[in-house]
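Read-outs throughout are calculated quantities, based only on the coordinates presented, and are distinct from any laboratory measurement. Computed from a prediction, not measured in an experiment: that's the story for all the values here. FYI the Cβ positions are ideal-geometry reconstructions off the backbone, even for glycines, and counts take in every protein chain you see.
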Amino acid sequence: MTLEIPAFAAAWFLPVALPLGIWVAWSDLRDMRISNRAVLALVVLFLLIGPLVLPLPVYGWQLLHLVVVLLVGMVLNAAGLLGAGDAKFAAAAAPFIALGDIRFVIALFAANLLAAFATHRLAARTPLRRLAPDWQSWVRTKEFPMGLSLGLTLAIYLALGAVYGSGG
């Protein structure tokens, strides 16, 4: 397996994106919200490190992903299909994903979403819930903390990219 993201770039993005992905997952589980600070930190990470690890034409096209995903996310949010924080985080994560890897990332996200949903719902009905009894994601049972899947999908993609990414 080879991913389109350059392994060098993924290895540079991962150490900062991983804690941000975990923060987003944790805060969405706890509060059912994704912090604007986490979203902005992810964008700043790409703006600062991206030009150093990606060819400038690629960097420019990757930035366009942010705009496209943000517009799609706004439409999905307006239709009530996606939370605003989820849309913003997906847009902030979009520049990190190489266009050639989009099918892989969609499959990775789908698998991650199914596993996270099943695990979250199961944990809510077991003694594990006592570990964090005040989490909003346990209380608001009609909603699912999508940040759990979004943050972890980005982290997993970058980790796989660091190992299996392209050489350039």
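What does the convex hull of the Cα atoms of the range 60-168 come to per residue, in Å³, rounded to a whole number?
Expressed per residue, the convex hull around the Cα atoms of the range 60-168 is 112 Å³.
Using alpha carbon centroids, what distance separates the range 19-38 and the range 52-123, in Å?
Comparing the Cα centres of the range 19-38 and the range 52-123, I get a distance of 15 Å.
Sort out the exposed loop trypsin sites (Lys or Arg not before Pro) in the chain (DSSP loop, at most 13 other Cβ within 10 Å) and tell me the longest stretch that has none.
1-124
What are the residues whose amide H is under 5 Å from the amide H of Ile5, where those residues sit 5 or more places off or on another chain and H is modelled from the backbone?
Ala98, Ser166
Could you tell me which helices of the chain pass both thresholds, a Cα extent of 18 Å or more along their own axis and a mean Kyte-Doolittle hydropathy of at least 1.0, with helices taken as whole DSSP H runs?
7-31, 36-53, 56-78, 102-124, 147-164
Could I have the simple spin-label model distance between Leu131 and Ala11, label points 7 Å from Cα toward Cβ, reported in nm to one decimal?
In this crude spin-label approximation the distance works out to 3.2 nm.
Dipole size in debye (nearest 20) for the range 3-166 around its Cα centre, Lys and Arg Cβ +1, Asp and Glu Cβ -1?
Roughly 540 debye, rounded to the nearest 20.
Kirkwood hydrodynamic radius (Cα pairs, Å) of the range 29-103?
12.9 Å
Could you tell me which of rounded, prolate or oblate describes the range 77-126, using a ≥ b ≥ c as the square roots of the eigenvalues of the alpha-carbon gyration tensor, with rounded for a/c under 1.5 and, failing that, prolate when a/b is larger than b/c and oblate otherwise?
oblate
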